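**Student:** One structure, pasted below without further comment.
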Amino acid sequence: MKPLSIFSGLAITALLASPAWGHGTAEHNKPKAAVVKEQKPWGIAGDAKQAKRSIELRMSDDMRFSPNRIQVRQGETVRLVVVNTGKVLHELVIGSADELKAHAEMMKKFPNMEHDEPYMAHVDPGKRGEIIWTFNRPGEFEFACLIAGHFEAGMVGKIVVTAAGKPSAAVPANSAPTVASTSTSAPAQASAHSTHKH
């Protein structure tokens, strides 16, 4: 085996064994690092000053989001206020259906993996967090809790991004109401974690 391969193997093993990679039961309200803006198929991290609308999404121990469907317009920056009404840790991760499914499979293999991306929020029981996201690509995307077992239990919702210039379709009754407050001064209480890539 080449020395570089041995070193790479040892480095990966050390990273995976590190306690910094676990969801664990520790509080998830450490200050977040600076947001890295990276274009994703479902959008890009937004600027809190540009968020004109807040949408509250509640997560519960019955493995459901309420509402389970939201609608936004292409180019809109939204503050997603994520509230954990349950007694266990939940998270909200935005992505494509395929990306979320692949990530959920990875979480089953590595349930203690931590992550910190601007399209994710880990929220401890009884706490709230937020994601500021600019939906600059039209289409249908999803949000899900990828903690092992939660995704499989149906903890998934849908985001419909209406193309710019097209009229918005009627929003179904189970869709998100807009939260009255659009204050940008409230700090997020979502957790900060080490970044990971798949």
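None of the figures in this text is laboratory data; all of them are computed from the coordinates on show. Not measured: the values here are computed from a predicted model. Backbone-built Cβ (ideal geometry, glycine too); neighbour counts: all protein chains shown.
**Student:** Residues of the stretch 39-51 being surrounded by fewer than 12 Cβ atoms within 10 Å (Cβ to Cβ) and within 11 Å of Thr134 (Cα to Cα), which ones?
**Tutor:** Selection gives Gln39 alone.
**Student:** Same structure again: Do you know which residues across the stretch 142-165 are over 12 Å from the mean Cα position of the chain (by Cα) and among the aromatic types (Phe, Trp, Tyr)?
**Tutor:** Within the stretch 142-165, Phe151 is the sole residue that qualifies.
**Student:** Are there any pairs, at least 6 apart or on different chains, whose C-beta atoms fall under 9 Å, with the first in the stretch 128-142 and in contact (Cβ under 8 Å) with a residue 40 or more places away in the chain and the second part of a strand (DSSP E or B) and acidic (Asp, Glu), and if so, which?
**Tutor:** Within 9 Å, the pairs are Arg128/Glu56; Gly129/Glu91; Thr134/Glu76; Phe135/Glu76; Asn136/Glu76.
**Student:** Condition first: in a loop (DSSP other than H, G, I, E, B) and within 13 Å of Tyr119 (Cβ to Cβ). Now tell me which residues in the stretch 36-82 satisfy that.
**Tutor:** Selection gives Val36, Lys37, Glu38, Gln39, Pro41, Trp42, Gly46.
**Student:** Please tell me if Leu100 is of a type in the set (A, V, I, L, M) and farther than 15 Å from Pro41 by Cβ.
**Tutor:** no
**Student:** Give just the number: which of (1) in a helix (DSSP H, G or I); (2) without any contact (Cβ under 8 Å) to a residue 60 or more places away in the chain does Glu91 not satisfy?
**Tutor:** Single failed check for Glu91: (1).
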